[in-house]
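Have a look at the structure below, then the notes.
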Amino acid sequence: MAKADIEILWTELEPGCVVTEPGSSKAYRTGDWRSFRPVLNKDRCIQCGLCWIFCPDMAYAQDGEGYYESNPEYCKGCGVCAKECPTNAIGMVEEEEPEL
Amino acid sequence: MSNVNVFAVKTLTQKEYFSSGHRACQGCGETLAVRLVHKALGRDVVVASATGCMEIVSSPLPLTSWEMPWIHVAFENAAAVATGVEAGLKALMRKGKIPNKKIHVVGMAGDGGTADIGLQALSGALERGHDFIYVCYDNEAYMNTGIQRSSSTPYCAATTTSPAGSVKPGQTTWKKNMPAIAAAHNIPYVATACPSYPMDLVEKVKKAAETPGPAYVHILSVCPTGWGMPGEDIIKFGRLAVETGAFPLYEIENGRYRITVDVPELLPIETYLKPQRRFRHITPEMTEIIAERVAKEWELLKRRVEFSALD
């Protein structure tokens, strides 16, 4: 996994600012932008894959059983999956502040 | 909505060529379009990208979201750089310096980089007949710099440089018909697509890649920030744009027109316009003018389909 952008010093940059590692933005977690999180109801899910194909953040991936689960590290909580789910198996639940 | 079309999505590759962690807004339609385009093209791709939203969100300096060679160039010369890459690869293969295989070269830009600033570079590239694909991600304004009007902004849409008020209805000109300009170069393949119809989009991009010679794909990318709608509605509005006839999906293969997502009866245009913030000021008279124009263009497109099937 690549280093986060704040950990990279200017001295480590390649000449011409060429980025040599493909897909290194995975180090930047967009999950903390979220205020609502998608929750899957597996009883209603028909594994059609629409949530996966319509996700603009590439957060969905298939688990071992064939269900599509969103990755909380990258899901921005836009709600496209919940809206487009043909069986209403995905609901949006508000995120709560962690108790300190 | 053609369910058969949509439910085949599981047949697409699981591999992502555009990574998570990009900084696009919640529910960005353009990111979705980029993701689907590169799902269709696969691994052997070189991309030249003009300035725009996609450059900003995908490549903040030490990081990149791209899983393939990608170069950011100035606003006006994405097509010129793509053709240069294509010519360079051809020369290297001829001299045996790199293995001889098909590498797709893609030029990508937003509607500003295509219809306004990059038009002459694109026109030159299409005219010279390079074997490359040009993809225009059309979100109907300069969204990256804060929603300024472009020549691709539709009539009556309010943007920061075409505000709606008591005198002006917002944008006073009609949307530039970019696919028709590309088709006028007599190139082998021109298509319009929308990520709300993912299989249709993937099929068109694959066809564009297989076509020898230049291909132009114009993709409507719904922008929740600029259009003023919740991020969850991007797929719905893409579908409405097609079903009301505001953005018909068709392809032109060697001069032959074909409507790929047929709409037997167009929905009233208000269903698409009214819920958007950029159109919230429109009066019934303005709606009437837009509806008339949309119906006329839809009729014209159908005539072109009939006419081009004759020869």
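The values are calculated or read from the model by the stated rules, or taken from the named source; none is laboratory data. For clarity, every value in this text was computed on a predicted model and none was experimentally measured. Counting neighbours? That spans all protein chains shown, and the Cβs are built from the backbone with ideal geometry, glycine included. For the accessible areas, the whole protein counts, side chains as well, though only heavy atoms, and no ligand, DNA or RNA atoms are used. Shrake-Rupley method; radii C 1.70, N 1.55, O 1.52, S 1.80 Å.
As a quick test, which of the pairs B:K101/B:K176; A:K26/B:K206; A:K42/B:K274; A:K76/B:K296; A:K3/B:K207 have an alpha carbon distance above 31 angstrom in this structure? Present the calculation step by step, with values, prior to reporting the outcome.
On the way: B:K101/B:K176 37 Å; A:K26/B:K206 27 Å; A:K42/B:K274 36 Å; A:K76/B:K296 40 Å; A:K3/B:K207 38 Å.
Table pairs above 31 Å Cα-Cα are B:K101/B:K176; A:K42/B:K274; A:K76/B:K296; A:K3/B:K207.
Need one number: buried accessible surface between chains B and A, 1.4 Å probe, both sides summed, DNA, RNA and ligands left out, in Å² to 100.
3500
Could you compute how fast chain B diffuses translationally, taking Rh as the Kirkwood radius over C-alpha pairs and applying Stokes-Einstein at 37 °C with viscosity 0.692 mPa s? Give it in µm² per second.
Details: Rh = 19.8 Å.
It comes out at roughly 166 µm²/s.
Among the helices of chain B (complete DSSP H runs), which have Cα atoms covering no less than 15 Å along the helix axis and a Kyte-Doolittle mean of at least 0.0?
Those that pass (Cα extent of 15 Å or more, hydropathy at least 0.0) are B:29-41, B:78-94.
For the range A:22-42 and the range B:230-258, compute the distance between their C-alpha centroids and round to whole Å.
29
Which percent of the accessible heavy-atom area of the range A:30-94 goes to carbon and sulfur, probe 1.4 angstrom? Write out the running numbers ahead of the final one.
On the way: 1290 of 2840 Å².
After summing per-atom areas, the C and S share lands at 45 percent.
Please compute the net charge surrounding B:S19, taking Lys and Arg as +1 and Asp and Glu as -1 over other residues with Cβ under 9 Å from its Cβ. Spell out each step's value before the answer.
Details: positive: A:K26; negative: B:E16, B:E67.
Here the count lands on -1.
Return the ratio Rg/(2.2 N^0.38 Å) for the protein assembly as shown, where Rg is computed over Cα atoms only.
Compactness ratio reported: 0.98.
According to a simple spin-label model (label point 7 Å from Cα along Cα-to-Cβ), what is the distance in nm between A:Q62 and B:Q148?
Once both label points are built, they end up 4.6 nm from each other.
Give me the 1.4 Å probe accessible area per residue for chain B, excluding ligands and nucleic acids, in Å².
Working: 12770 Å² over 311 residues.
Ligands and nucleic acids excluded, the figure is 41 Å² per residue.
If I compute solvent accessible area with a 1.4 Å probe over the protein chains, what percent of it on the range B:20-62 is carbon and sulfur?
55
Using +1 at the C-beta of Lys and Arg and -1 at the C-beta of Asp and Glu, which of B:A158, B:I282, B:G21 has the Cα lying farthest in the positive direction of the dipole of the range B:19-308?
Toward the positive end, the furthest listed residue is B:G21.
For B:L266, project a label point 7 Å along Cα to C-beta. Then give me every residue of the range B:114-157 with its amide nitrogen under 14 Å of that point.
B:155
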